[in-house]
Amino acid sequence: MNQALLDRVRIVLVNTSHPGNIGGAARAMKNMGLTQLYLVEPRSFPDEEATWRASNATDVLDGAVVVPSVEAAIEGCELVLGTSARERRIPWPLKDPRACAAEIGSSQIKGDIAILFGREDRGLTNEELQMCHLHMHIPTNPEYSSLNLAAAVQVAAYELRMFALNEVIEVNEDAGWDFPLANAADIERMHQHMEATLGRIKFVDPQNPKQVFTRLRRMFARIRMDQMEVNIMRGVFNKIDRFLEKTD
Ligand code: SAH
């Protein structure tokens with residue numbers, strides 16, 4: 001059993017409307033051995049309904065971290081997953097919960113992992129989904145695909161537990177890679193720098209920059225960048241910035 005893996009997983013509930021779902025999610029987490037609950041601007045928390053639905057998992061609620069934004073919730077994470085009940089316009093790497101658990105447990109990922117769960121009425125926004133390396137879809141009946149929020153947390157947490165239970169911990173997980181993986185905040189700063197610099201050299205159509213940036217974000221999400229690779233990209237943009245300053 002790899003409890004250390006479960007300890008590194010953050011369950012992030014974004015703008016939850018019904019406090020009962022927060023309690024239900026906390027209970028599902030504790031049943032499966034997860035502890036880190038992050039709440040992005042919940043409508044009502046703490047709340048009696050959450051406490052009641054959590055049953056004996058009130059310790060998970062007590063330890064919940066309430067944050068003002070998704071960025072704050074995923075700060076420091078090496079891997080970010082977004083859950084979605086339906087297809088999105090721009091296809092993104094998408095896996096079922098079992099395959100996601102295997103990704104999360106892969107020996108390349110050593111830091112924290114965040115799994116984002118959306119609003120009861122409209123899920124996660126496209127912007128939020130684009131912050132994710134990978135999307136998780138629970139394969140449901142396509143005619144009725146949306147699970148209750150706490151039920152979705154339950155399925156994801158169960159698959160993580162099954163993975164952790166079966167895992168034989170490798171003795172030397174570090175072998176073979178020279179730099180640690182970049183965390184989500186470093187990658188976000190790289191994207192912002194890239195978007196600013198590409199704007200300055202007029203690479204993107206100012207009328208419609210979004211598609212290109214979305215595609216670049218998706219491309220960089222497909223490879224797991226290490227810290228040195230992010231530094232190299234930042235170095236390239238810095239050089240272009242300096243060059244532009246000279247020619248201004
Ligand atoms: N109408 C919303 C459904 C939101 S359900 C929508 O179309 O997106 C609330 C949350 O539960 C979702 O944001 C997601 O986090 C989770 N969820 C529900 N059904 C899911 C499924 N089939 N696969 C993955 N996550 C699901």
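Just so it is clear, none of the values below were taken in a lab; they were calculated from the coordinates. What you are looking at is a predicted structure, and each value in this text was computed from that prediction instead of being measured. For neighbour counting, all protein chains shown are included, and Cβ atoms are generated from backbone atoms with ideal geometry for every residue, glycine included.
Multiplying the residue separation of Phe203 and Ile240 by 0.36 nm and subtracting their alpha-carbon distance yields 12.1 nm. Modelled spin labels at Val66 and Lys210, positioned 7 Å past Cα toward Cβ, are 3.2 nm from each other. Among Trp52, Trp92, the order by Cβ neighbours within 10 angstrom, fewest to most, reads Trp52, Trp92. Listed by chain and number, the lysines placed with their C-alpha closer than 21 angstrom to that of Lys202 are Lys210, Lys239, Lys246; residues fewer than eight positions away on the same chain are left out. Cross-link partners for Lys110 among the aspartates and glutamates, with Cα-Cα distance under 18 Å and sequence neighbours closer than 8 places in the same chain left out: Asp7, Glu75, Glu78, Glu167, Glu170, Glu173, Asp174, Asp178, Asp186, Asp226, Glu229.
Each of His133, His18 was scored by other Cβ atoms within 10 Å of its Cβ. Listed from fewest to most, they are His18, His133. Note on region 25-47 and region 51-122: Cα centroid distance 11 Å, given to the nearest whole angstrom.
Pop a pseudo-label 7 angstrom from the Cα along the beta-carbon direction at both Asp178 and Gln192 and give the gap in nm to one decimal. Calculated label separation equals 3.0 nm. Calculated on the alpha-carbon coordinates, the convex hull of region 89-248 measures out at 130 cubic angstrom per residue. Placing +1 on each Lys and Arg Cβ and -1 on each Asp and Glu Cβ, with no other charges, gives the chain a dipole about its Cα centre of roughly 760 debye. Sequence-distant contacts, meaning Cα pairs under 8 Å at least 6 residues apart, place the relative contact order of the chain at 23 percent. Relative to the longest principal axis of the Cα atoms of the chain, the long axis of helix 19-32 lies at roughly 90 degrees. Test of understanding: in a Gaussian network model of the chain with alpha carbons linked when under 10 Å, which of Val212, Val80, Val230 would top the mean-square fluctuation ranking? For the chain, modelled as a Gaussian network with Cα springs under 10 Å, the answer is Val212. For the Cα atoms of the chain, what angle does the longest principal axis make with the long axis of helix 227-247, in degrees from 0 to 90, nearest 10? Value to nearest ten degrees: 40. You can think of it this way: the chain between Ala102 and Glu48 has 15.9 nm of extra reach, that is 0.36 nm per residue less the Cα-Cα gap.
From least to most packed, judged by other beta carbons within 10 angstrom and beginning with the fewest, Glu87, Glu120, Glu159 follow the order Glu87, Glu120, Glu159.
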